[in-house]
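Heads up: the structure comes next, in structure tokens.
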Amino acid sequence: MSLFHWPAELLFPPKCVLCGTLLSKGEQDLCRKCRAEAPFYPNRKRKLQFLDSFAAVWYYEGYVRRSLLRYKFYGARWYAASYGRLLAMTLLEQYPEGFDCLTWVPVSFRRKLRRGYDQVELLARAVGRELGMTPVPLLRKIHHNRPQSGISGVAERRANVLGVYRETGRAQVAGKRILLLDDILTTGATAGEAARVLLTAGAKEVHCAVVAAARE
């Protein structure tokens with residue numbers, strides 16, 4: 001351990017990103033129990049409306065759900081580094097061919113101002129560091145819509161996000177195989193709408209990757 005990291009390790013010992021247990025020597029991001037028992041998402045790519053495929057690290061339930069809620073709503077922004085490492089490993093395994101461009105589903109200016117950060121932008125930076133890619137902001141949220149978490153129906157969720165995103169530059173999108181990041185995927189309405197905008201702008205393919213996805 002370097003002299004620089006020693007005080008930080010002493011004051012803020014690393015904890016499991018899911019259950020919060022102190023990590024043992026040699027462990028990173030996840031404790032032994034969570035690494036063995038967390039609800040990992042199957043290693044397979046699924047298609048959704050406007051998405052050529054999507055991949056996830058975990059199912060959105062139990063410790064995973066509580067961890068993401070802490071990250072998204074309660075200021076645990078440092079989780080981004082752990083999520084980024086784990087999501088990057090999933091991507092390297094499932095998409096060895098790589099991507100032309102890395103971007104993310106942005107939050108509205110009002111929500112970012114209230115929360116203090118865009119949790120998916122932080123995730124994109126973390127994933128980008130692991131993959132050796134620089135995230136590019138290809139989308140802008142132009143309407144502050146209702147939170148998707150408060151809407152249950154698939155049709156209602158799709159209607160709630162329709163038209164809320166705009167591409168930031170067609171020249172950056174045209175003909176590209178794009179990796180679109182989000183934190184959580186439930187019905188796929190949000191990621192699908194973001195992908196629709198990118199495809200309309202000329203993207204060749206849009207593949208989505210998330211930290212956690214709901215069971216089918």
- Ordered by packing density, taken as the mean number of other Cβ atoms within 10 Å over each peptide's residues, highest first, how do 36-48, 118-130, 75-87 rank? 118-130, 75-87, 36-48
- Percent of accessible area on the chain owned by carbon and sulfur, 1.4 Å probe? 54 percent
- Would you mind calculating the gained length between ALA36 and LEU92 on full extension (0.36 nm times residue separation, minus the Cα-Cα distance), in nm to one decimal? 18.1 nm
- Add -39500 (n - 2.57) for each DSSP H run of 4 or more in the chain, then divide by its residues: what number comes out at 222 nm, to the nearest 500 deg cm²/dmol? -11500 deg cm²/dmol
- Message: Nearest 10 degrees is fine. How inclined is helix 79-94 to the longest principal axis of the chain, computing both from alpha carbons?
- Response: 70 degrees
- Item | Summed side-chain charge close to ALA38 - residues other than ALA38 whose Cβ falls under 15 Å, Lys, Arg +1, Asp, Glu -1 | +4
- When ligands, DNA and RNA are left out and all protein chains stay put, how many square angstrom of accessible area per residue does the chain have with a 1.4 Å probe? 53 Å²
- When the convex hull of the C-alpha atoms of the stretch 111-216 is computed, what volume per residue in Å³ does it have? 114 Å³
- Taking H as built 1.01 Å from N, whose amide H comes closer than 5 Å to the amide H of LEU185, not counting residues under 5 places away? ALA212, ALA213, ALA214
- Task: Please report how far the C-alpha centroid of the stretch 184-216 lies from that of the stretch 80-116, rounded to the nearest whole angstrom.
- Result: 12 Å
- Query: Along the stretch 192-202, what does the Karplus equation 6.51 cos²θ - 1.76 cosθ + 1.60 (θ = phi - 60°) give for ³J(HN,Hα), rounded to whole Hz, x for Gly and Pro?
  - Reply: x, 5, 4, 5, 4, 5, 5, 5, 4, 7, x
- Cross-link partners of LYS204 among lysines (Cα-Cα below 26 Å; sequence separation of 8 or more within a chain): LYS45, LYS47, LYS141, LYS176
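The values are calculated or read from the model by the stated rules, or taken from the named source; none is laboratory data. Note that this is a predicted model, so its numbers are computed, not measured. Cβ: placed from backbone, ideal geometry, glycine included. Neighbour counts: every protein chain shown. Note: accessible area is taken over every heavy atom of the protein model, side chains too, but ligands, DNA and RNA are not part of it. Shrake-Rupley method; radii C 1.70, N 1.55, O 1.52, S 1.80 Å.
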